[in-house]
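Single-structure report; data block below.
The values are calculated or read from the model by the stated rules, or taken from the named source; none is laboratory data. These figures come from a predicted structure and were not determined experimentally. Heads up, the Cβs are rebuilt from the backbone with ideal geometry, glycines too, and the neighbour counts pull from every protein chain shown.
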Amino acid sequence: MDRRRALADFLRSRRERITPRDVGILPGPRRRTPGLRREEVAQLSGISVTWYTWLEQAREITVSHQVLQSLARVLLLSPAETRHLFALAEETPVREAPAVPTPGLQRLVDALDPHPAYLVTPTWDLVAWNRAEAGLLGDPAAWAPADRNLLRFTFLESRARALLADWPDQAHVLLEQYRASADRHAGDARFGALTRELRAASEEFRTWWDAHDVADFRPARRRFDHPRLGRLSFDYVKLHAADAPDLSLVVCLPADDETAGRLPDLSA
């Protein structure tokens, strides 16, 4: 039922953001709907109004690949949003993320020092990090085990807002990527528990989550106002290991000469 409700909310949010002119419809003078009407989405998608209405009412109905593709086309979904739609509409197996990294991955993370590097699970739990990453964020070994999570750190720790030079942008991008990960692991109780916790504790998380924004990881430049070393800029790279597909390796590469020169001090 949670999946059907999420699907209904997502379809409604995407429908309401599209103007009639976006899909070649001339709005009439008495039009009050901000986006498309349900009957317009149904007609453009080649499905019945009743059937589409049931989708937005979270009824228990089966959706075919063809219909999903039609809806993605009519609603002008991005590739990430299309995958999000399919993940909400179809059952997917739940995979358990490993609690600890393999010895080889741990050695790789350590060998990347003085470049900050870490391993995360699909729920953004930190399972490994090197000295440079500890110097950047603060040593996760000193945190309570339940707090070793980048979403909790970003949205719930006041020091994260001071550390991240462009906190709203970085936090919003992280949430978009987390939502895509949650959809790929639909039914995993860990995502549900973490999402409920963050929605209750963070107004920004709650607002952005309810907007149904979703995105894949993309290379990004992130800036930090380090309390000891000043402004640091890194380009982020994310990789997946073949022997641990539910773990992601994130490496931070210095984006300028000033940051590169401060790396030894970061991992000291």
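Is it the case, given these coordinates, that Asp183 is among the charged types (D, E, K, R) and within 19 Å of the chain's Cα centre (by Cα)? Can you show your working first?
Numbers: among the charged types (D, E, K, R): yes; within 19 Å of the chain's Cα centre (by Cα): yes.
Taking the combined requirement at face value, the residue satisfies it.
Residues Val109, Val127: which one is buried (at least 18 other Cβ atoms within 10 Å of the Cβ), outside any helix (DSSP H, G or I), modelled with pLDDT of 90 or more and not acidic (Asp, Glu)? Steps first, answer last, please.
On the way: Val109 fails: outside any helix (DSSP H, G or I).
None of the others qualify; the one that does is Val127.
Identify all residues within the range 119-151 that are polar (S, T, N, Q), closer than 28 Å to Gly187 by Cβ and touching a helix residue (DSSP H, G or I) at 6+ places or on another chain (Cβ under 8 Å); write none if there are none. So that I can check it myself, show each step before the final result.
The initial filter retains those residues of the range 119-151 that are polar (S, T, N, Q), namely 121, 123, 130, 149.
Imposing the further condition that a residue be closer than 28 Å to Gly187 by Cβ reduces the set to 121, 123, 149.
Thr123, Asn149, listed by residue number.
Has the range 199-217 got at least one residue that is within 22 Å of Val109 (Cα to Cα) and either among the acidic types (Asp, Glu) or free of Cβ contacts under 8 Å to residues at least 60 places away in the same chain (or both)? Walk me through it before giving the result.
Start the filter on the range 199-217 by keeping residues that are within 22 Å of Val109 (Cα to Cα), which leaves 217.
Keeping just the survivors that are either among the acidic types (Asp, Glu) or free of Cβ contacts under 8 Å to residues at least 60 places away in the same chain (or both) gives 217.
Checked against the condition, which is being within 22 Å of Val109 (Cα to Cα) and either among the acidic types (Asp, Glu) or free of Cβ contacts under 8 Å to residues at least 60 places away in the same chain (or both), the range 199-217 yields at least one hit.
Each row is one residue, and each column tells you yes or no for (1) surrounded by fewer than 20 Cβ atoms within 10 Å (Cβ to Cβ); (2) touching a residue at least 12 places away in the same chain (Cβ under 8 Å); (3) within 28 Å of Asp9 (Cα to Cα).
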| residue | (1), (2), (3) |
| --- | --- |
| Gly138 | yes, yes, no |
| Pro145 | yes, no, no |
| Arg152 | no, yes, yes |
| Ala165 | yes, yes, no |
| Pro168 | yes, yes, yes |
| Arg196 | yes, no, yes |
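Looking at Ala146, is it modelled with pLDDT under 95, aliphatic (A, V, I, L, M) and part of a helix (DSSP H, G or I)?
Values: modelled with pLDDT under 95: yes; aliphatic (A, V, I, L, M): yes; part of a helix (DSSP H, G or I): yes.
Considered against the rule, which asks whether it is modelled with pLDDT under 95, aliphatic (A, V, I, L, M) and part of a helix (DSSP H, G or I), Ala146 comes out as yes.
Taking Ala134, is it within 24 Å of the chain's Cα centre (by Cα) and either in a helix (DSSP H, G or I) or in the same structural domain as Ser48 (by TED's automatic domain parsing) (or both)? Reasoning before the result, please.
Details: within 24 Å of the chain's Cα centre (by Cα): yes; either in a helix (DSSP H, G or I) or in the same structural domain as Ser48 (by TED's automatic domain parsing) (or both): yes.
Judged against the criteria, Ala134 is a match.
If Glu204 satisfies every condition in (1) among the charged types (D, E, K, R); (2) surrounded by fewer than 15 Cβ atoms within 10 Å (Cβ to Cβ); (3) under 18 Å from the mean Cα position of the chain (by Cα); (4) within 20 Å of Leu164 (Cα to Cα) but one, which is the exception?
(2)
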